[in-house]
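All of the numbers you see were taken from the coordinates with simple rules; none came from a lab. Source: prediction; values computed, not measured. Cβ: placed from backbone, ideal geometry, glycine included. Neighbour counts: every protein chain shown.
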Amino acid sequence: MAVVVVEEVPGGNQSIYEQVGARVMPEGQLPEGCAVHIAGPTDGGWRVISVWDAEEQYQQFLNEKLIPAFQEVAGEEGPTPKIAVHPVHTHITA
């Protein structure tokens, strides 16, 4: 089942996002199973919203690629992402 993932990173910023993105999405290529990726600033941080074909694919990406890349860029003391995963009921694109 498809899921939408909302990652809120209090204290995050464009620099961290771009450095992590270069590691986990080389040349802007979405990871396998990711259909949509949207990112931008929030008041006091950064938000990433993505749609995945299955939660298992996101969890594998999170554990094997995203967390290690984020820790490499931001360090152990860097901002901690807050992650929410929800089922997708409808996904319509142009």
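Some points to look at:
- With each label modelled as a point 7 angstrom along the Cα→C-beta vector, the E76-A39 pair spans 2.5 nm.
- Under 5 Å from the amide H of W46 lie the amide H atoms of V9, G11, G12, each residue being 5 or more positions distant or on a separate chain, with H modelled from the backbone and absent for Pro and chain starts.
- Considering only G78, G44, G11, the Gaussian network model of the chain with Cα springs below 10 Å gives its largest mean-square fluctuation to G44.
- Angle between the chain longest axis and helix 14-24 axis [Cα atoms, degrees, rounded to 10]: 60 degrees
- Residue with peak Gaussian network fluctuation, the chain [Cα springs, cutoff 10 Å], from V48, V36, V20: V36
- Summing +1 for each Lys or Arg and -1 for each Asp or Glu among the other residues whose beta-carbon sits under 15 angstrom from that of E32 gives -4.
- Rg over Rh [alpha-carbon atoms, Kirkwood Rh] for the range 3-87: 0.92
- Each Lys and Arg adds +1 at its Cβ and each Asp and Glu adds -1 at its Cβ; summed about the Cα centre, the chain shows a dipole of about 180 debye.
- The GluC sites (Glu not before Pro) found in the range 6-43 that occupy coil by DSSP, while having at most 16 further C-beta atoms within 10 Å, are E32.
- Here the spin labels are modelled as points 7 Å beyond Cα on the Cα-Cβ line, and at E32 and Q19 they lie 2.9 nm apart.
- Using the rule -39500 (n - 2.57) for each DSSP H run of four or more residues, divided by the residues of the chain, the 222 nm mean residue ellipticity is -7500 deg cm²/dmol.
- Short-range pairs are left out: with C-alpha atoms under 8 Å and at least six residues apart, the relative contact order of the chain is 45 percent.
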